[in-house]
1. Yes or no: A146 of a type in the set (A, V, I, L, M), at pLDDT below 95 and not in a loop (DSSP other than H, G, I, E, B)?
2. Within the set of pairs 6+ apart or on separate chains, which have a first residue in region 86-97 that is polar (S, T, N, Q), a second that is open to solvent by less than 40 Å² (accessible area, probe 1.4 Å), and C-beta atoms under 7 Å apart?
3. Being under 17 Å from F47 (Cβ atoms) and modelled with pLDDT of 95 or more: is that true of A125 here?
4. Kindly check whether there is at least one residue in region 32-50 that is small (G, A, S) and at pLDDT 95 or above.
5. If I go through region 108-147 residue by residue, how many of them are among the aromatic types (F, W, Y), within 18 Å of G71 (Cβ to Cβ) and loosely packed, with under 15 Cβ neighbours inside 10 Å?
6. Could you grab the pairs with beta carbons closer than 7 Å, sequence gap of 6+ or different chains, first residue in region 128-140 and more than 13 Å from F47 (Cβ to Cβ), second one open to solvent by 80 Å² or more (accessible area, probe 1.4 Å) and part of a helix (DSSP H, G or I)?
7. Just give me the residues in region 27-83 being touching a Phe, Trp or Tyr at 6+ places or on another chain (Cβ under 8 Å), surrounded by 13 or more Cβ atoms within 10 Å (Cβ to Cβ) and of a type in the set (D, E, K, R), in sequence order.
8. Kindly establish whether Q97 is out of contact with any Leu (no Cβ under 6 Å at 6 or more places or on another chain) and on the phi < 0 side of the Ramachandran plot.
Amino acid sequence: MSETAAPAVLAPSAAPVPSTVTGSAKPGRRHAARLAVRVLQVLLALFYAVASALPKLIAYSAAVESFDRIGWGSAGMYAIGVLELAGAIALVTPVLQSVAAMALSGLMVGAFIVQLTVFNGQNAATPLVLLVPLVLIAWARREQNARLWGLVRGRM
């Protein structure tokens, strides 16, 4: 009643190989990483457009007071608001996303310095917290930045 069957032997080329051995799991990880960076870009764009630029562009009283304390007045407030809104739009524009992340990073370095010098460090961590994902986006999208600069240099 007991049957003994010899295991089937497959030719080496026909043997299935697990994806973890071949490394084919990498494209899935790359896709997940690209998706995560894209979600991060959209969230940051929403933050910069709604929570940061909008109060400045509608002259919300707290924004007006802050820029008066800095000494930049309404012109500086509107200029920073426009830069933040442009950065938010550029963060979700494929050809500009790396440049936008770098530009907004520079803006955050400036905001950090202002928080330290004018506001005695109050809320100085906020620009640094925002700087981390911006640097990550700029790094993740660096190939697009290289292609963009290649196009710019080719035209000059």
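1. The answer is yes for A146.
2. These pairs meet every condition: Q97/Q41; Q97/A90; Q97/L91; Q97/I137; Q97/R141.
3. Criteria met by A125.
4. yes
5. Qualifying residue count, region 108-147: 1.
6. These pairs meet every condition: A138/M102.
7. Within region 27-83, just K56 meets the criteria.
8. For Q97, the condition - out of contact with any Leu (no Cβ under 6 Å at 6 or more places or on another chain) and on the phi < 0 side of the Ramachandran plot - is not met.
The values are calculated or read from the model by the stated rules, or taken from the named source; none is laboratory data. Keep in mind that this is a model prediction, so the values were computed, not measured. Heads up, the Cβs are rebuilt from the backbone with ideal geometry, glycines too, and the neighbour counts pull from every protein chain shown. Heads up: the accessible areas ignore ligands, DNA and RNA and are worked out on the full protein's heavy atoms, side chains in. Shrake-Rupley method; radii C 1.70, N 1.55, O 1.52, S 1.80 Å.
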